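One structure below.
All of the numbers you see were taken from the coordinates with simple rules; none came from a lab. What you see is a predicted model; the values in this text were computed from it and never measured. Here the Cβ positions follow ideal geometry from the backbone for every residue, glycine too, while neighbour counts run over all protein chains shown.
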């Protein structure tokens, strides 16, 4: 039984002020007429019934999510009572799904990525499903198109597109010279953060490599039932407090010996910063990119101008290499090179 676990938490920091804790980027309609989470949901619907798609979120974002995805039943929304990183979130989400299906195969996806070729994506997921049936933990590695320093990498020997191959190891985000070596070698793939595994396979990995998590999940399993919805979050909160905050990569993927990676190319973009607008939308003759806003430009170039309404007009005079983002009564003006430091602003105003 193929099921999906769409991870839809997030702090709303990277695209502030357009995104907030209550409405992080997966709930925004700034990249298309649909939110990123709706795109993620509809992307997998051709593969399974909607009862097999689960969404993991938190109580802060629950209402906005339900307003966006009205067709999703409450029992398919998994509420995490607190943020404890992806090792806890994936273990808990997988446990909830196992209450509905016997040893399901679970495909873990992000809710805030863009994928250009959805048919190819579904084809690769189907390949990963077949590989996971062989008791493998499968991940999708994206064939690099340039030496990116913002992604983790997966090493594989002579990877061939759409052919499962043993993972030789996960690598942290590299400096540029290392990323260039990875790119030139042809033996490294971008880590997409997408995983496919059978429930019993991943629980065996937790037991072997993350025993504390496994023991907590075992305790949670004994106190919950399916169809309890939001009530479950309050039941498991005391147990969640005991989880160490650690990613699935550090807890499992860097240690497990049964990981397969499928080299993939389906137009993946993790939409990780405002610079994504430059990759996704056309620039004007001066290299400016705009979305959902009116602007006029005099002697200004290479800017990203984004808003929540075309009723607002921005006038640029002698402005270069800047991000200008407007959301109601909040305005961000930021050098492009500082886009990863927006959280410093959020700390000052929160």
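Summary of computed values
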{"item": "Highest to lowest packing among 105-114, 243-252, scored as the average C-beta count within 10 Å", "result": "105-114, 243-252"}
{"item": "Separation of alpha-carbon centers, the range 190-264 and the range 155-189, rounded to whole Å", "result": "25"}
{"item": "GNM result for the chain, Cα springs below 10 Å: residue of 207, 23, 136 fluctuating most strongly", "result": "207"}
{"item": "DSSP beta bridge pairing in the chain, given as percent antiparallel to the nearest 5", "result": "45"}
{"item": "Convex hull volume per residue for the chain, taking Cα atoms only, in Å³", "result": "140"}
{"item": "Helix-only CD estimate at 222 nm, as mean residue ellipticity for the chain, using -39500 (n - 2.57) per DSSP H run (n ≥ 4)", "result": "-9000 deg cm²/dmol"}
{"item": "FRET efficiency, 1/(1 + (r/R0)^6) with R0 35 Å, evaluated for residue 146 and residue 237 via beta carbons", "result": "0.20"}
{"item": "Label-to-label distance, nm, for residues given as residue 75 and residue 282 (7 Å Cα→Cβ offset)", "result": "4.9"}
{"item": "Nearest-ten-degree value, helix 176-185 long axis tilted from longest Cα axis of the chain", "result": "60"}
{"item": "GNM flexibility winner over the chain from 61, 26, 181 (Cα, springs under 10 Å)", "result": "181"}
{"item": "Value of relative contact order over the range 276-349, rounded to a whole percent, pairs C-alpha under 8 Å and six or more apart", "result": "22"}
{"item": "By average C-beta atoms within 10 angstrom, highest first, the peptides 160-172, 337-349", "result": "160-172, 337-349"}
{"item": "DSSP beta bridge pairing in the range 1-143, given as percent antiparallel to the nearest 5", "result": "0"}
{"item": "For the chain: relative contact order, % (alpha-carbon pairs under 8 angstrom, 6 or more apart)", "result": "20"}
{"item": "Cα centroid of the range 279-332 to Cα centroid of the range 32-71, whole Å", "result": "30"}
{"item": "Gaussian network model of the chain, Cα within-10 Å springs - most flexible of 65, 317, 95", "result": "317"}
{"item": "Nearest 10 degrees, 0 to 90: helix 85-98 Cα axis against the chain principal axis", "result": "50"}
